[in-house]
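The values are calculated or read from the model by the stated rules, or taken from the named source; none is laboratory data. This structure is a prediction, so every number in the text was calculated from the model and none was measured. Please note: Cβ atoms are built from the backbone with ideal geometry, for glycine as well, and neighbour counts cover all protein chains shown. Surface accessibility is based on the protein's heavy atoms, side chains included, excluding ligands, DNA and RNA. Shrake-Rupley method; radii C 1.70, N 1.55, O 1.52, S 1.80 Å.
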Amino acid sequence: MDFHRSTLVAQAAELASGRSTSVEAVTASLDRIEQSQPTLNAFRIVRRDAALAEAAEADRLRAAGHTAPLLGVPIAVKDDVDITGEPTAFGCAGDFPPATADSEVVRRLRAAGAVIVGKTNSPELGQWPFTGGTFGHTRNPWDRERTPGGSSGGSSAAVAAELVSAALGSDGAGSVRIPASWTNLVGIKPQRGRISTWPDAEAFNGITVIGPLARTVADAALLLDVVSGGHDGDLHRPAPVTVSNAVGRNPGSLRIALSLRKPFIPTPAPLDPEIAAAAYEMAAVLRLLGHRVVVDDPAYGMLLGLNFLPRSLAGVAAWLDRLPDPSLADPRTRANARSGRALAGAPLRAARAAEPRIGRRIGRFFDEYDIVLAPTTATPPPRIEAIDGISNADTDRVITEHCPYTWPWNVLGWPSVNVPAGFTTGGLPIGLQLMGHESSEPLLVSVAAQLENVLQWHRKRPDPWWTDVSETS
């Protein structure tokens, strides 16, 4: 079996059958990671010794008759969750102590038998849709001069380059969906609380959730099911759902709104024509699958944007206070934290109080439609250095130019799934998002699987330039 080119589902089945061992699978993954690090730079921490020991233990458990959904399968996680014995830098400089306990999501991965091979790169505190900064640029497997997106760019690069079959990221304004879009992956932003963020009762005042990145819908759904569930300390506890069994299930004929209008943003910019064309082409595929697709837009309104900023920036301020040496942070981070402290009182309370009203207003759109289809980003992936060394205001302009579409669903807390939608004439990936109402992950996954069955996006792979030892960063 060509293990690194197989899916998460196939890898789990291969290990369960005894045709391969976890030590073999994990060694192969670690070797690919280490070969790619000088150029691709997807990982912050590579756990070679610990992962190989855990793989050997997985093989021992299987030989003793134990089973688990991902027993022995190599997986990566973003460096914003805790792994016992490893630091959690979240893209920041400083001397971070090793974590003394696993995050709840890591505990669930371990309970499912997964072997965590490493922690992937993130921009500083996950603020930007570019993965660079303290630990260098992470590059896009489809074009080494382009960003894989952010803030889960390390995870998306690792999966797109087939260093692992699936990985976890986090999404506070599109940080799973944006990199999925720019690296030809499926990325699921689940319902708020679907995956515990413990030891934080909620992340970034409720806008950030953890979600999977994978090459196929079935892989993303399996990983989501494995890590879903709450902790007693969580603030958000949605009723459980299972999404893996929605793969291959006919959702029936749905009412789908194609929405190309940007939500409220202060610096609007045009939608790239190739992305607009991809959206109309996807709408045509959905019609062929029996769905009714019409052009229509949710009533976002200015209040939605005003709700996002206090939650996001107050979250940055709280995280900055955790750092061993906040003075080492990027000046833009420190400026965002100052704004966050100013917004953390009455503005934040007002934002949280307004959320139910916003949800009801936008929720009325779902009286007419089952799903919204929208661009994930307004442009293809920009160059890796696009925000290097520029001001806060210029950084915000770049971000809103490229990524104006994803953040409303973080305010609402509802699910959204990025699906690959082809490539530009220059060979760069395009993604679109399927956006649903509360706890609609099974419905979104069933439609995403229908699209994958037709479009077969997982069969297209980037040329592995990162395996060329003559390449340099």
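Worth pointing out:
- Within the range 182-193, the set of residues being within 14 Å of the chain's Cα centre (by Cα) and either open to solvent by 10 Å² or more (accessible area, probe 1.4 Å) or within 23 Å of S244 (Cβ to Cβ) (or both) comprises T183, N184, L185, V186, G187, I188, K189, P190, Q191, R192.
- Taking the criterion of being closer than 23 Å to P190 by Cα, crowded, with 20+ Cβ neighbours inside 10 Å and either modelled with pLDDT of 95 or more or of a type in the set (S, T, N, Q) (or both), the only residue of the range 259-278 that qualifies is S259.
- Some residue of the range 248-261 being free of Cβ contacts under 8 Å to residues at least 60 places away in the same chain and assigned to a helix (DSSP H, G or I): no
- Among the residues making up the range 10-37, a single one is closer than 20 Å to P123 by Cβ and either open to solvent by 10 Å² or more (accessible area, probe 1.4 Å) or among the acidic types (D, E) (or both): Q37.
- Residues within the range 293-329 that are among the polar types (S, T, N, Q) and under 23 Å from the mean Cα position of the chain (by Cα), tallied: 2
- Residue pairs meeting the criteria (Cβ under 9 Å; at least 6 apart or on separate chains; first assigned to a helix (DSSP H, G or I), in the range 202-230; second of a type in the set (F, W, Y)): F204/W319
- Residue match in the range 70-86 (condition: touching a strand residue (DSSP E or B) at 6+ places or on another chain (Cβ under 9 Å) and surrounded by fewer than 18 Cβ atoms within 10 Å (Cβ to Cβ)): yes
- The condition of being open to solvent by less than 10 Å² (accessible area, probe 1.4 Å) and in contact with a His (Cβ under 8 Å, 6 or more places away or on another chain) holds for T131.
- Test: R237 is closer than 19 Å to L412 by Cβ, assigned to a loop (DSSP other than H, G, I, E, B) and touching a His at 6+ places or on another chain (Cβ under 7 Å): no
- Selected residue (criterion: farthest from A214 (Cα to Cα)) from residues of the range 1-33 that are assigned to a helix (DSSP H, G or I) and either of a type in the set (F, W, Y) or at pLDDT below 95 (or both): F3
- Residue selection: V454 satisfies the criterion of being at pLDDT 95 or above and β-branched (V, I, T).
- Residues in the range 155-181 that are buried (at least 24 other Cβ atoms within 10 Å of the Cβ) and of a type in the set (D, E, K, R): D171, R177.
- Residue tally, condition in a loop (DSSP other than H, G, I, E, B) and under 24 Å from L309 (Cα atoms), over the range 122-162: 13
- Filtered residues of the range 435-462 (kept if assigned to a helix (DSSP H, G or I), in contact with a Pro (Cβ under 9 Å, 6 or more places away or on another chain) and open to solvent by 20 Å² or more (accessible area, probe 1.4 Å)): P442, L443, Q450, E452, L455, H458
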